[in-house]
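The values are calculated or read from the model by the stated rules, or taken from the named source; none is laboratory data. Computed from a predicted model, the values in this text were never measured in an experiment. Note that each Cβ is placed from the backbone with ideal geometry, even for glycine, and that neighbours are counted across all protein chains shown. Accessible surface areas use protein heavy atoms only, side chains included; no ligands, DNA or RNA. Shrake-Rupley method; radii C 1.70, N 1.55, O 1.52, S 1.80 Å.
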Amino acid sequence: MKVLYCSNTGFSKRYAELIAKEIGGESVDISLKSRVSKKEEIVYVGWIFANKIKKLSKLKKYNVKCVLAVGMTPNKEKIISYLMEANKKELVGKKLFYALGGLDMSKQRGFNKMLLKMVSKSVIKQNNYEDRQMIDIFKNGGDFVSYENISELLEYLKN
Ligand SMILES: Cc1cc2nc3c(=O)[nH]c(=O)nc-3n(C[C@H](O)[C@H](O)[C@H](O)COP(=O)(O)O)c2cc1C
């Protein structure tokens, strides 16, 4: 099984590589998706941009078994409900998983960097107690890629 991924700063790529290693498959960057047959089952790993799973809409004709969305929201339940709503059409018939990726401001450029800075300022200013982990990530960055974060997905793929 192939693991197709779209990654901006590397976290989703690392998750795709971890999954591919575990299932004895191959990870493939979405820019090379012509190497993936539309019939074979694939896992899709994509980073989250404003609650949307990047490039998932480009895979309508592909046989996507499940999707791993990678973001920087520590509250899994909250982000899953946002993702289900914002990606409703694209997720029909696909199982959704979420894994905390991280934030690396040094790799952000242009519009994305500007947007992140704006959101970061507003979240830090509001200073809500529930957002304390998010505030810490905005202030200090973070790398949360771990095997544990994809254990449920790996279990699902075994069955
Ligand atoms: C412009 C922008 C918008 C983002 N929006 C969200 C979001 O809505 N929810 C979230 O959890 N993470 C969001 N993120 C964070 C990324 O999804 C997170 O850093 C992810 O780990 C990036 O993965 P990558 O390294 O594979 O690109 C956003 C990042 C950027 C740059």
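Computed quantities for the displayed model
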| read-out | value |
| --- | --- |
| Within the chain, percent of DSSP bridges classed antiparallel, to nearest 5 | 15 |
| Links that overshoot a 30 Å alpha carbon limit, given the list LYS60/LYS117; LYS52/LYS125; LYS61/LYS113; LYS39/LYS117; LYS39/LYS113; LYS54/LYS125 | LYS60/LYS117; LYS61/LYS113; LYS39/LYS117; LYS39/LYS113 |
| The stretch 118-157, accessible surface, carbon-and-sulfur percent (1.4 angstrom probe) | 48 |
| Cα centroid separation - the stretch 113-155 against the stretch 8-31, whole Å | 21 |
| Helix-derived mean residue ellipticity, 222 nm - over the chain, DSSP H n ≥ 4, -39500 (n - 2.57), to 500 | -11000 deg cm²/dmol |
| Local electrostatic count, VAL67, Cβ distance below 10 Å [Lys/Arg +1, Asp/Glu -1] | +2 |
| Of the trypsin sites (Lys or Arg not before Pro) in the stretch 107-159, those whose Cβ has at most 14 other Cβ within 10 Å and which sit in DSSP loop | ARG109 |
| Across LYS58/LYS107; LYS38/LYS89; LYS21/LYS139, pairs whose alpha-carbon gap is larger than 28 Å | LYS21/LYS139 |
